[in-house]
Amino acid sequence: MSDVLSQNEIDNLLAALSTGELDVEEMSKADEKKVKDYDFRRPAKFSKEHLRTLEIIFEHYGRLLATTLPLYLRKNVQITVENSETVTFSEFSNALSNPVILGIVNFNPLQGQIIVEVQSNIGFSFIDRMLGGEGTALDKPRAFTDIEMPLIEKMVTICVQQLVEPWENVVNIDPILDRIETNPQFAQVISPTDMIAIVTLNLKIGEVEGLMNFCLPFFTLESVMDRLNTKYWFSSMQRHNEENDSEFLESLVRKIEVPVKAVLGKCQVSVSDFVQLQLGDIIRLDSRVTQEMHVYVGNIDKFTALPGTSDKKYAVRVTSVIREEE
């Protein structure tokens, strides 16, 4: 038995106590367990592992958003995850400025709603770029006008749509923007005492820099809390990577919409004749009715076809496919 001391060990221990090398009080303190204060009014429902997983999810989200926003803003966008923390909703709402952009999002199929907060300077920069400006923020904050609000709604909708892919390793979500609020008093969709996780992203649009906060209530994520750990997240990601990549990419390509146009023919008219065109005038083309027309996919001449009708609508019947080598 390892707990039983030999006679030599007992003699050495007594000798150390008599000479003062060992202190009985210090030995008793070393055996005491350290007690950590726990506030029952604010239970820590999000562990460090949960917050770390949320940071990984939103790092992926930031990369997606950094490649999507430049398509609309025509300007470089840099996004980084600043930090994550757990607070009560009252602490979050009391720290909000006025005006502020608050997107109330239904986090389907999870219950409840999340809140996306975007600082007003980022909103004004987005509006300025959408309207052809340089993307500078206002020196003095003001309320958003009725003309600016649809642009703000478009921006938040774009941000919400990008949440689907980063969360798919945890749960397949279908987030829908419910409404936009600019006054924090009208965004009380969560109980003030409820615990929330806040993930803060830093957005930089050109020279304008601001924050975007995601407010994630515990009761919304409660059903998937066991999946919010890095082990589950990486294992799900590995299973996803093992799928057939070609089929996955093909499914994405099939969803892309491309313009298709059939050209009946061409002609040249003078500007004066074009200005004087009236209803019922006849324009003579350089092709016949029985002649095959060209069908363009985007700007690529892809098919030849014959004109006709289908269900009382104009249509064309493809007669051949034009290969690239042709």
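The values are calculated or read from the model by the stated rules, or taken from the named source; none is laboratory data. Quick caveat: nothing in here was measured; it's all calculated off a predicted structure. Counting neighbours? That spans all protein chains shown, and the Cβs are built from the backbone with ideal geometry, glycine included.
Some points to look at:
- Close pairs (9 angstrom Cβ cut-off, 6 or more residues apart or separate chains): over 23 Å from residue 198 (Cβ atoms) in the stretch 62-83, among the charged types (D, E, K, R) and part of a loop (DSSP other than H, G, I, E, B) anywhere: 75/134
- Of the criteria (1) closer than 23 Å to residue 73 by Cα; (2) assigned to a helix (DSSP H, G or I); (3) not charged (D, E, K, R), which one residue 185 fails: (1)
- Residue satisfying condition, being assigned by TED's automatic domain parsing to the domain that holds residue 219, surrounded by 19 or more Cβ atoms within 10 Å (Cβ to Cβ) and free of Cβ contacts under 8 Å to residues at least 60 places away in the same chain, within set 122, 152: 152
- Going through (1) on the phi > 0 side of the Ramachandran plot; (2) surrounded by fewer than 18 Cβ atoms within 10 Å (Cβ to Cβ) one by one, residue 135 falls short only on (2).
Residue by residue, here is whether (1) part of a helix (DSSP H, G or I); (2) at pLDDT 75 or above holds:
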| residue | (1), (2) |
| --- | --- |
| 12 | yes, yes |
| 28 | yes, no |
| 34 | no, no |
| 53 | yes, yes |
| 70 | yes, yes |
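Conditions (1) more than 20 Å from the chain's Cα centre (by Cα); (2) over 17 Å from residue 101 (Cα atoms), marked per residue:
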{"position": "138", "(1), (2)": "yes, no"}
{"position": "174", "(1), (2)": "no, yes"}
{"position": "202", "(1), (2)": "no, no"}
{"position": "216", "(1), (2)": "no, no"}
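- Per the conditions (1) crowded, with 21+ Cβ neighbours inside 10 Å; (2) in a helix (DSSP H, G or I); (3) not small (Gly, Ala, Ser), the sole criterion not satisfied by residue 166 is (1).
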